[in-house]
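In what follows, a single structure is set out as structure tokens and then discussed.
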Amino acid sequence: MSVIIEIRDASAGYNHDVVLHDVNLTIQEEDYIGVIGPNGGGKTTLVRLILGLIQPLRGEVIYHGDKQRNLIGYLPQVSQTDRSFPISVNEVVLSGLMSARSGLSTYTRNDRSRASEILEMMGIAHLRKKSIGELSGGQMQRAFLGRAIISEPRLLILDEPNTFVDNKFEHDLYELLRELNEKMAILMVSHDVGTITSYVKTIACVNRNLHYHRSNIITQSQLAAYNCPIQLITHGEVPHTVLGEHHHNHD
Amino acid sequence: MLHLFEYEFFRNAVWAALLASVTCGITGSYIVAKRMVFISGGITHASFGGIGIAYFLGFNPVAGAAVFSILSALGIEYVSGKTNVREDSAIGILWSLGMALGIIFVFMTPGYAPNLMSYLFGSILTVGKTDLLLMLGLSAVIVGFFARFYHTILFISFDEEYARAHRIAVGLFKYILISLVALTIVMNIRIVGIILVISFLTIPQSTANLFTKNLRMMMIYSIIIGITGSLTGIYISYYLDIPSGATIIFAFVVLFGLAKIIQVLRTRMLIRRQVNQLSNQ
Ligand SMILES: Nc1ncnc2c1ncn2[C@@H]1O[C@H](COP(=O)(O)OP(=O)(O)O)[C@@H](O)[C@H]1O
Ligand SMILES: [Mg+2]
């Protein structure tokens, strides 16, 4: 497996606050990493660090691989979308192709048919001409996911994708991610620990520090050892259960 | 009515109206889409400082306004990107500082400040060849830049952070765009004046926005509405002998009112038709 991104001994933060300290993480092809941690623990900051939106205060983030293929696709956490902004769903999805070709002046016929495929795949083809503000929260998430994957990035990052979506879409989403994972690595932040552990391959606990757990099964005591206190709101199970135990696909 | 075209001042005014509609139609749509109306107001009023200093030192007021508006535009962009100063407070300070400097320097200028009123209220009927050439140059730059980079501009404006994550030179684009906004403001101060220029940048665009949710179409409609309103305004102001800038803006507002009525009626009709269809099923 080849390495896509390496974070080495990185610290990051805002103004005077160090939010992440001494973080190491290597992301390889085929990875499917679930990122968990308490609110304010630094999960989104980790995502922003990987995306290059903030620079590490110390340490480094190294990007490997060919420049041709777009490196990262990204589904933001709560997006502060201006609902009256004049842009159509189709244009939002197409904009995911913008990337390295920043000189791009028109989209090719190829680009447009690719966008149609993606809209179809996301189940929002009938909404393509609507302006983005006319969509419901869940439909908008689908459009943004379309934007994230249209360029077939090597790494797909999702920051709490399940926050505003209905159960139906959440289920579809996880199935779709499983398929996508055959073509790209995935890093998914989630607050719903119980759910993600049955989909991801490995877990990263983020609470200022990052503890990488090379399995999708994690116990309460391991979480405690990782200094990663998380609320366990896992589908009515007793909060002391071993997470992932209900999952049978491992080994 | 057409005999007016025999006069050079009138032909110049018509050209000025066309070019103003192009520059304002395009950058104004960007301003409205990005909710930058307040920023644009700040830049406009800051430029008055430049006009005042130019009067005092005895050089071309338009040049003074250009320097001030571009510097304040770049300053606002820098402040909003880099520091923790609240952007709206910074704009408010700049807005009044520009006006204050302008008033002080105009006051200190010995004798009478010629044409001062035309900068405050505009006078499209006195636009000269040089003004027109400058406006033509600016129109060419704006049309060229927006045509070439339309998708990038749309992408950056809609979701700046995403564009950054895609390694697009967001900062550079924003500095260029805000400079084009500043230049559009300065060139059109000659037409409708400092006090009303913001209307030329927002009323046709808001009218267009009633009928389209597509940025490109918004730009095209704004240009058409801009031309219609400003030519109407020029004729009326000529025949009634009232100030042209104010008349043009008044024409814009009337057009907006008409468009709003049409839009409301159309929406009602469409909804009634849908309800009827649903209840007939
Ligand atoms: N733009 C910002 N400026 C200053 N502090 C921030 C900013 N974004 C996040 N923080 C702080 O950084 C910490 C981690 O935030 P974040 O990475 O968003 O956490 P999480 O995604 O795990 O909930 C929080 O304490 C938050 O207050
Ligand atoms: Mg977060």
If Lys and Arg each add +1 and Asp and Glu each add -1, what is the summed charge of the other residues whose beta carbon sits under 15 Å from the beta carbon of B:Leu19? +2
Within 10 Å of each candidate Cβ there may be at most 13 other Cβ atoms; applying that plus a DSSP loop requirement, which chymotrypsin sites (Phe, Trp or Tyr not before Pro) in region B:9-66 survive? B:Phe59
Compute the signed sum of charges (Lys and Arg +1, Asp and Glu -1) over the other residues within less than 15 Å, Cβ to Cβ, of A:Tyr32. -1
Filtered hits (aspartates and glutamates, Cα-Cα < 15 Å from B:Lys82, offset >= 8 within chain) -> B:Glu160, B:Glu161
Would you mind working out the magnitude of the charge dipole of chain B relative to its Cα centre, with +1 at each Lys and Arg C-beta and -1 at each Asp and Glu C-beta, to the nearest 20 Debye? 940 debye
Using DSSP to define loop residues, name the chymotrypsin sites (Phe, Trp or Tyr not before Pro) in region B:182-225 whose beta-carbon has at most 15 other beta-carbon atoms within 10 Å. B:Phe211
Within region A:174-205, find all residues whose amide N lies under 20 Å from a label point positioned 7 Å from the Cα of A:Asn227 along Cα-to-beta-carbon. A:203-205
Net charge over other residues, Cβ less than 12 angstrom from the Cβ of B:Val79 (K, R count +1; D, E count -1): -1
With every protein chain in place, what's the accessible area of B:Thr126 (1.4 Å probe, Å², nearest 10)? 90 Å²
Of the beta bridges DSSP finds with both residues in chain A, what % are antiparallel, to the nearest 5? 55 percent
Express in whole angstrom the spacing between the alpha-carbon centres of region B:46-86 and region B:134-161. 22 Å
Charge dipole magnitude, Cβ of K and R +1, D and E -1 - chain A, Cα centre, debye nearest 20: 780 debye
Calculate the spin-label point distance for A:Ser105 paired with B:Val253, positioning each point 7 Å from the Cα along the beta-carbon direction, and give it in nanometres. 4.2 nm
DSSP loop trypsin sites (Lys or Arg not before Pro) in region A:98-181 with at most 16 other Cβ atoms within 10 Å of their Cβ, which ones? A:Arg101, A:Lys129, A:Lys130
Restricting to lysines and to Cα separations under 16 Å from A:Lys130, and discarding same-chain partners fewer than 8 apart, the set is B:Lys213
Helix-only [θ] at 222 nm, the protein assembly as shown, -39500 (n - 2.57) per DSSP H run of 4+, per residue, nearest 500, equals -19000 deg cm²/dmol
Taking a spot 7 Å from the Cα of B:Arg167 along the direction of its beta carbon, which residues of region A:155-189 have an amide N less than 16 Å from it? A:155-156
Alpha carbon centre of region A:127-160 versus region A:24-41: separation in Å? 21 Å
Can you tell me the relative contact order of chain A? Whole percent, Cα pairs under 8 Å, sequence separation 6 or more. 26 percent
Can you tell me the dipole magnitude for the protein assembly as shown around its Cα centre, using point charges on the Cβ only (Lys, Arg +1; Asp, Glu -1), in Debye to the nearest 20? 1420 debye
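The values are calculated or read from the model by the stated rules, or taken from the named source; none is laboratory data. Computed from a prediction, not measured in an experiment: that's the story for all the values here. Backbone-built Cβ (ideal geometry, glycine too); neighbour counts: all protein chains shown. Quick note on the areas: whole protein, heavy atoms, side chains included, nothing else; ligands and nucleic acids left out. Shrake-Rupley method; radii C 1.70, N 1.55, O 1.52, S 1.80 Å.
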